[in-house]
Amino acid sequence: MAKYLNPKSDLVFKRIFGQEKDLLISFLNAILPLENEEQIVDLEYLPSEQVPTVPQFKNSIVDVKCRANNNSFFIVEMQVNWTNAFMQRVMFNAGKAYVNQMKEGESYDLLLPVFAVSIIDYIFDKDSTEYYHHYKIVNIKNSNDVIKGLQFVFIELPKFNASTYTQKKMQALWLRFLKETGKTEPLSEDFLKEKETAKAVKLAEIGTYTEAQLAYYDQYFDAVSTERTFVVEAEKRGEQKGMEKGMEKGMEKGMEKGMEIGKEEGRRLGVEEALTNLIKNGIPGTEARRLLGLE
């Protein structure tokens, strides 16, 4: 029986969506809120000289230029762990991608719209059961009045439940593929009924990777697991310390304010402790700060 790697790792995700444009076209058409006439018919991967030089853009999984009836830039990213600065980083990268299209002396009407697509293996909105979050710039009083240019799609993968999903077939298949592959054995036969997901399954087979690639894969998830554990444990300890400090500072402003200050102090102390522990465990400082969303 074939075994499969987790496609949420950067190694496998890049192999599937960063090299096979037919699979990325299928994925984006399924995931993005596009009308029929807006469906992507072709795309090109951006050469390195066209990728905007912005902090952390190198960690975006796929940088592409897509063509439908009009061209668009797309940033597609797989984020295993969540940090409080993640949304700000995505907005920064997308904004830079939008601005850096235009060369000196060119007209603004040459700017192409940018979609930032983030598939997140974490629940960041605990107050909602919705897994799909679509953001764009709209008029507050008339949401049909849209400023075109930047749109953002965040998908909280853990919230997706295939058993209750009744909408797009291919969206369900792709999200199931990302969520189930590498965890559930054997894989569902549903993936083999569509040529795109069947091809993706083949590309995730463990036997198609070299020993060096598999070592990198293990190292990646070891780092992710270590970082997640340290952050959770450090935030708990830090929050307790911060709560005590915050309560002292906030007594005059009332209990509620003290709790708020405590939580903020706790998060700060937790991140500091997590960073120290990651470095102690052999993860380079730059990589540790990237995992924690500090760069």
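All conditions in (1) at positive phi; (2) open to solvent by 40 Å² or more (accessible area, probe 1.4 Å) hold for Gly182, with the sole exception of (2).
Annotation: of all residues in the stretch 130-172 being part of a helix (DSSP H, G or I) and closer than 18 Å to Lys183 by Cβ, the one that is least open to solvent (accessible area, probe 1.4 Å) is Leu157. Here Gln19 clears all of (1) open to solvent by less than 20 Å² (accessible area, probe 1.4 Å); (2) in a loop (DSSP other than H, G, I, E, B); (3) at pLDDT 80 or above except the condition numbered (1). Among the residues of the stretch 176-200, just one is under 24 Å from Phe74 (Cα atoms) and in contact with a strand residue (DSSP E or B) (Cβ under 7 Å, 6 or more places away or on another chain), namely Leu178. Restricted to the stretch 115-129, and to residues there that are in contact (Cβ under 8 Å) with a residue 24 or more places away in the chain and open to solvent by 50 Å² or more (accessible area, probe 1.4 Å), the residue that is farthest from Glu180 (Cα to Cα) is Thr129. Within the span defined as the stretch 95-114, one or more residues are assigned to a strand (DSSP E or B) and touching a residue at least 24 places away in the same chain (Cβ under 8 Å).
Quick check on my filter: what residues within the stretch 26-37 are surrounded by 15 or more Cβ atoms within 10 Å (Cβ to Cβ) and either without any contact (Cβ under 8 Å) to a residue 24 or more places away in the chain or not β-branched (Val, Ile, Thr) (or both)?
Ser26, Phe27, Leu28, Asn29, Ala30, Leu32, Leu34
Under the condition of being of a type in the set (D, E, K, R), surrounded by 14 or more Cβ atoms within 10 Å (Cβ to Cβ), modelled with pLDDT under 80 and more than 24 Å from Glu38 (Cα to Cα), the residues counted in the stretch 68-108 number 0. Can you find a residue that is part of a helix (DSSP H, G or I), loosely packed, with under 14 Cβ neighbours inside 10 Å and at pLDDT 85 or above anywhere in the stretch 41-62? No - not one qualifying residue is present in the stretch 41-62.
Consider the stretch 186-212 and keep the residues that are in a helix (DSSP H, G or I) and touching a residue at least 24 places away in the same chain (Cβ under 8 Å). The one that is surrounded by the most Cβ atoms within 10 Å (Cβ to Cβ) is Ala200.
The values are calculated or read from the model by the stated rules, or taken from the named source; none is laboratory data. Here the structure is a predicted model, which is why all the values come from computation and not from measurement. Neighbour counts run over all protein chains shown; Cβ positions are idealised from the backbone, glycine included. Each accessible area value is taken on the protein alone, full model and side chains, heavy atoms only, with ligands, DNA and RNA left out. Shrake-Rupley method; radii C 1.70, N 1.55, O 1.52, S 1.80 Å.
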